[in-house]
1. Quick one: which residue in ILE69, ILE122, ILE94 is on the phi < 0 side of the Ramachandran plot, at pLDDT below 95 and part of a helix (DSSP H, G or I)?
2. Condition test on ARG46, is it surrounded by 14 or more Cβ atoms within 10 Å (Cβ to Cβ) and either over 15 Å from the mean Cα position of the chain (by Cα) or of a type outside the set (A, V, I, L, M, F, W, C) (or both)?
3. On the given criteria, is ASP59 surrounded by fewer than 16 Cβ atoms within 10 Å (Cβ to Cβ), out of contact with any strand residue (DSSP E or B) (no Cβ under 6 Å at 6 or more places or on another chain), closer than 15 Å to THR10 by Cβ and at pLDDT 95 or above?
4. Here are some residues: LEU64, LEU7, LEU37. Which one is within 16 Å of the chain's Cα centre (by Cα), more than 15 Å from PRO117 (Cα to Cα), open to solvent by less than 20 Å² (accessible area, probe 1.4 Å) and in contact (Cβ under 8 Å) with a residue 24 or more places away in the chain?
Amino acid sequence: MLSYTILAVTAADATTYMEARGKAAWPADADDRTEALRRGQDYIAREYNERWAEEWENDDAPELVQFAIYEAALAEAVTPGLLSPTVKAIDAKILTKAPEVEWTPVGGLSGVSSLKPRLMHIEALLRPVLTATGTVLVRA
């Protein structure tokens, strides 16, 4: 399981990952990198910790999970708070009718799940270790 207090990855490894992929938005400042990694790991832990099929120690996180942490950290570095938005119920509305305009929700999401950010590249990255029911399978 990913820890909420101890990073499973290093800033140096994250920088190597970002440089190999030409991701220039990765912060130059070491403190900014660490903060982004912390928020990125918090997001991955929050969204996936209850879905791992096998348990593993934080410092032995599978490579794909580490990559997902890096990607989440980059998203947070570019837009701090993106992965932990604050929403008010009053803002959770959609236009359903207007003269000649009608909106319909797409994708079957409703309630809180429709308000949460979804990073499709992270979901795609983790797809090889997900079962059809969404449980994460971790292979050694």
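The values are calculated or read from the model by the stated rules, or taken from the named source; none is laboratory data. Source: prediction; values computed, not measured. Glycine gets a Cβ as well: all are built from the backbone with ideal geometry, and neighbour counts include every protein chain shown. Side chains are part of the model used for accessible areas, which takes the heavy atoms of the whole protein and leaves out ligands, DNA and RNA. Shrake-Rupley method; radii C 1.70, N 1.55, O 1.52, S 1.80 Å.
1. Details: ILE69 fails: at pLDDT below 95; ILE94 fails: part of a helix (DSSP H, G or I).
Going through ILE69, ILE122, ILE94 in turn, the sole match is ILE122.
2. Working: surrounded by 14 or more Cβ atoms within 10 Å (Cβ to Cβ): yes; either over 15 Å from the mean Cα position of the chain (by Cα) or of a type outside the set (A, V, I, L, M, F, W, C) (or both): yes.
Criteria met by ARG46.
3. Working: surrounded by fewer than 16 Cβ atoms within 10 Å (Cβ to Cβ): yes; out of contact with any strand residue (DSSP E or B) (no Cβ under 6 Å at 6 or more places or on another chain): yes; closer than 15 Å to THR10 by Cβ: yes; at pLDDT 95 or above: no.
When the stated conditions are applied, ASP59 does not pass them.
4. LEU37
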